[in-house]
Amino acid sequence: MHIDLSGRTALVTGSTQGIGYAIAVGLARAGARVAVNGRSTERVTAAVDRARVDSGSDDVIAAVGDLATEEGAAAVLEAVPSVDILVNNLGVFGSAAPLEIDDAEWRRYFEVNVLSAIRLIRAYLPAMTAQGWGRILNLASDSAVVIPAEMIHYGMTKTSLLAVSRGFAKEAAGTGVTVNSVIAGPTHTGGVEDFVRELVGDESPWDEAQREFMIKHRPQSLIQRLIEPEEIAHMVVYLASPYASATTGGALRVDGGYVDSILP
């Protein structure tokens, strides 16, 4: 399958590293003009330079701004006034004892993981519907369905994104714009490596630590390993393409079989 996104502009939030960076590179390889987003000018500039090399495309630009704030979102919208493809990947995660999560932390998780996506959908969707084409993709997680006891506040935000995706897909009905969420399973990123070490300890070699983490904390995984960010990116690039024109309002799984359900 040859996916050609030439002439399309994409914004990937939280894309200086990890899954977001892999998605940005994947979209750029498919021919899209891609905006890389992060809070730090230095980190975004470094990621843009790296993505141009990794994708073989010079059409990668910077969109600096903290999307958890109205001011940061305004800065990003000024840098990228319109997009054809919006990938809401920005998110924070971490473990915490459920009864020790205070109000401020609950708000922070919602504002970063959910409200940032809603802000951008409100901003970009009208022009997408007016032109009769667009793709909005919200990065959810297996934690949206299988809420981890140690990450209730994170799971709550990812469940919210499933609702946000379905609701805005209805708002865009019949316009040529599709809105979907992608349920990513346990994925191998730098942040997840730190999280794994936090749960199983720092002493073991990485392969042993990963195996212990999957057995003890994610035993439902059918592939019995962490997913690589590029594997998530493949699904996102497909959903951003014309080939996925009849897929909307869905929650597409790239979870390694983690969610023990036939649907979604």
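The values are calculated or read from the model by the stated rules, or taken from the named source; none is laboratory data. What you are looking at is a predicted structure, and each value in this text was computed from that prediction instead of being measured. Glycine also receives a Cβ, built like all others from the backbone with ideal geometry; neighbour counts cover every protein chain displayed. Note: areas computed on protein heavy atoms with side chains; ligands, DNA, RNA excluded. Shrake-Rupley method; radii C 1.70, N 1.55, O 1.52, S 1.80 Å.
Points to keep in mind about this one:
- Surface accessible to a 1.4 Å probe, S82 within the full protein complex, Å²: 70
- Region 35-75 and region 157-179: distance between their alpha carbon centers, rounded to Å: 25
- In degrees, nearest ten, helix 70-79 long axis to first principal axis of the chain (Cα): 50
- Heavy-atom accessible area ranking, 1.4 Å probe, most first, across S57, S261: S261, S57
- Shown are R166, R119, whose ranking by accessible area with a 1.4 Å probe and every protein chain present, most to least, is R166, R119.
- Scalar couplings 3J(HN,Hα) for region 225-241, obtained by applying the Karplus form with A = 6.51, B = -1.76, C = 1.60 to θ = phi - 60°, are 7, 6, 7, 7, x, 4, 5, 5, 4, 4, 5, 5, 4, 4, 5, 7, 8 Hz; x denotes Gly and Pro.
- In a simple Cβ point-charge model (Lys, Arg +1; Asp, Glu -1; nothing else charged), region 89-216 has a dipole of about 1020 debye relative to its Cα centre.
- Rg/Rh ratio calculated on Cα atoms of region 173-221 (Kirkwood radius): 1.28
- Stokes-Einstein diffusion for region 1-121, with the hydrodynamic radius set to the Kirkwood value over Cα pairs and evaluated at 37 °C in a medium of 0.692 mPa s, equals 222 µm²/s.
- The chain - accessible surface per residue (Å², probe 1.4 Å): 45
- With the biggest extent put first, the Cα atoms of the chain measure 51, 40, 38 Å across the principal axes.
- Value of [θ]222 nm, deg cm²/dmol, for the chain, DSSP H segments ≥ 4, -39500 (n - 2.57) each, nearest 500: -13500 deg cm²/dmol
- Heavy-atom accessible area with a 1.4 Å probe sorts D54, D255, largest first, into D54, D255.
- Across the accessible surface of the chain, with the other protein chains kept in place and a 1.4 Å probe, carbon and sulfur atoms take up 52 percent.
- Between amide H atoms placed 1.01 Å from N, distances below 5 Å from A35 occur with A10, L11, V12, I61, all of them 5 or more places distant or on a separate chain.
- Taking amide hydrogens as placed 1.01 Å from N in the peptide plane, the amide H of G249 sits under 5 Å from those of V179, N180, each at least 5 positions away in sequence or on another chain.
- Taking the centroid of alpha carbons for each part, region 1-26 and region 194-264 are 19 Å apart.
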